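Structure first, then comments.
The values are calculated or read from the model by the stated rules, or taken from the named source; none is laboratory data. Since this is a predicted model, take the numbers as computed values, not measurements. With ideal geometry, Cβ positions are generated from the backbone for all residues, glycine too; neighbour counts draw on all protein chains shown.
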Ligand SMILES: Nc1ncnc2c1ncn2[C@@H]1O[C@H](COP(=O)(O)OP(=O)(O)OP(=O)(O)O)[C@@H](O)[C@H]1O
Ligand SMILES: [Mg+2]
């Protein structure tokens with residue numbers, strides 16, 4: 001579904017990604033793990049058209065998407081739930097959900113909003129509340145729901161558990177498992193490598209802008225270097 005070939009990218013003169021290749025099959029959950037600063041978010045931004053790549057190619061469902069605008073990429077069926085949630089703080093919960101559907105031109109937005117409120121009951125209680133006044137966990141749920149409102153075929157998550165209490169982290173994990181069960185393909189960057197490897201069918205380990213290891217979630221959980229560096233045992 002998503003094919004990334006030898007991608008190079010960076011900021012100004014500084015190259016951060018030094019030839020990254022990976023792929024995501026339809027209905028898979030693929031995780032990227034790696035230390036801070038390895039380039040995980042940079043790669044996600046390249047996929048979503050937020051920063052340009054300097055070499056290589058990104059193909060989605062057989063068509064090149066590198067070079068397209070972020071808006072055009074959302075319309076192709078890719079949505080990102082960004083690092084740090086980034087809900088629109090001055091807007092209400094409902095308005096945030098409506099914003100998530102702004103690239104759509106069909107009549108089913110209202111029923112999708114209902115579906116999101118069923119999936120996240122806490123949002124229904126707070127539908128008119130300003131998003132900036134929600135708790136961190138509630139903002140994460142809103143960010144996930146807003147991303148789903150575009151009906152993505154590939155949903156990309158950047159550190160959804162960051163800064164959340166353990167109980168909420170568990171809720172996020174359960175939510176991602178449900179989204180996967182609904183048939184959405186997932187690319188997940190997650191600081192909690194244990195959670196990422198539990199959820200994912202396959203994973204890639206990133207180091208300094210390159211992929212150094214790959215395997216199934218189970219293989220990597222049992223890999224000595226991975227368990228030592230990222231799982232703490
Ligand atoms: N807007 C930017 N301008 C310049 N350099 C940047 C910018 N964003 C990121 N970088 C640099 O690119 C490198 C990779 O950053 P990136 O955010 O992709 O890492 P990451 O793997 O997502 O890390 P983390 O786990 O901390 O989120 C870092 O050295 C970072 O300082
Ligand atoms: Mg990051």
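Residue check: is residue 9 modelled with pLDDT under 95, over 16 Å from the mean Cα position of the chain (by Cα), within 16 Å of ligand 2 (Cβ to nearest atom) and crowded, with 20+ Cβ neighbours inside 10 Å?
It is false that residue 9 is modelled with pLDDT under 95, over 16 Å from the mean Cα position of the chain (by Cα), within 16 Å of ligand 2 (Cβ to nearest atom) and crowded, with 20+ Cβ neighbours inside 10 Å.
Look at residue 59 and say whether it is over 23 Å from residue 192 (Cβ atoms), more than 16 Å from ligand 2 (Cβ to nearest atom) and not in a helix (DSSP H, G or I). Walk me through it before giving the result.
On the way: over 23 Å from residue 192 (Cβ atoms): yes; more than 16 Å from ligand 2 (Cβ to nearest atom): yes; not in a helix (DSSP H, G or I): yes.
Taking the combined requirement at face value, the residue satisfies it.
Which members of the range 20-52 meet the condition of being within 14 Å of ligand 2 (Cβ to nearest atom), more than 18 Å from residue 76 (Cβ to Cβ) and either within 14 Å of the chain's Cα centre (by Cα) or assigned to a loop (DSSP other than H, G, I, E, B) (or both)? Quick ask: steps written out before the conclusion?
Taking the range 20-52 first, the residues within 14 Å of ligand 2 (Cβ to nearest atom) are 31-48, 50-51.
Right, trim to more than 18 Å from residue 76 (Cβ to Cβ) and you get 31-42.
Result: 31, 32, 33, 35, 36, 37, 38, 39, 40, 41, 42.
Checking residue 68 against (1) within 16 Å of ligand 2 (Cβ to nearest atom); (2) touching a helix residue (DSSP H, G or I) at 6+ places or on another chain (Cβ under 9 Å); (3) not in a strand (DSSP E or B), which single condition isn't satisfied?
Among (1) within 16 Å of ligand 2 (Cβ to nearest atom); (2) touching a helix residue (DSSP H, G or I) at 6+ places or on another chain (Cβ under 9 Å); (3) not in a strand (DSSP E or B), residue 68 violates only (1).
Quick check: anything in the range 45-62 closer than 24 Å to residue 201 by Cβ, within 8 Å of ligand 1 (Cβ to nearest atom) and modelled with pLDDT of 95 or more?
Looking through the range 45-62, at least one residue is closer than 24 Å to residue 201 by Cβ, within 8 Å of ligand 1 (Cβ to nearest atom) and modelled with pLDDT of 95 or more.
Can you confirm whether residue 41 is on the phi < 0 side of the Ramachandran plot and within 12 Å of ligand 1 (Cβ to nearest atom)?
Details: on the phi < 0 side of the Ramachandran plot: yes; within 12 Å of ligand 1 (Cβ to nearest atom): yes.
Considered against the rule, which asks whether it is on the phi < 0 side of the Ramachandran plot and within 12 Å of ligand 1 (Cβ to nearest atom), residue 41 comes out as yes.
Given the criteria farther than 24 Å from residue 180 by Cα, within 16 Å of ligand 2 (Cβ to nearest atom) and touching a helix residue (DSSP H, G or I) at 6+ places or on another chain (Cβ under 9 Å), does residue 17 qualify?
Details: farther than 24 Å from residue 180 by Cα: yes; within 16 Å of ligand 2 (Cβ to nearest atom): yes; touching a helix residue (DSSP H, G or I) at 6+ places or on another chain (Cβ under 9 Å): yes.
Taking the combined requirement at face value, the residue satisfies it.
Considering 199, 164, 188, which residue is within 16 Å of ligand 1 (Cβ to nearest atom), under 21 Å from residue 36 (Cα atoms), in contact (Cβ under 8 Å) with a residue 60 or more places away in the chain and buried (at least 16 other Cβ atoms within 10 Å of the Cβ)?
Values: 199 fails: within 16 Å of ligand 1 (Cβ to nearest atom); 164 fails: in contact (Cβ under 8 Å) with a residue 60 or more places away in the chain.
Exactly one residue qualifies, and that residue is 188.
Using beta carbons and a limit of 6 Å, which pairs, at least six apart or on different chains, have the first residue in the range 29-47 and within 11 Å of residue 190 (Cα to Cα) and the second one near ligand 1 (Cβ under 8 Å from one of its atoms) and part of a helix (DSSP H, G or I)?
These pairs meet every condition: 32/40; 34/40.
Could you check the range 167-178 and list, in sequence order, the residues that are surrounded by fewer than 21 Cβ atoms within 10 Å (Cβ to Cβ) and either under 23 Å from residue 16 (Cβ atoms) or touching a residue at least 24 places away in the same chain (Cβ under 8 Å) (or both)?
If we filter the range 167-178 for residues that are surrounded by fewer than 21 Cβ atoms within 10 Å (Cβ to Cβ), which is where we start, we get 167-171, 173-175, 177-178.
The answer is 168, 169, 171, 173, 175, 178.
Scan the range 1-18 residue by residue and report those that are in a strand (DSSP E or B) and away from ligand 1 (no atom under 15 Å from the Cβ).
Of the residues in the range 1-18, the ones in a strand (DSSP E or B) are 2-11, 14-18.
Scanning the range 1-18 gives 2, 3, 5, 6.
Give just the number: which of (1) within 16 Å of the chain's Cα centre (by Cα); (2) within 16 Å of ligand 2 (Cβ to nearest atom) does residue 164 not satisfy?
Of (1) within 16 Å of the chain's Cα centre (by Cα); (2) within 16 Å of ligand 2 (Cβ to nearest atom), only one is false for residue 164: (1).
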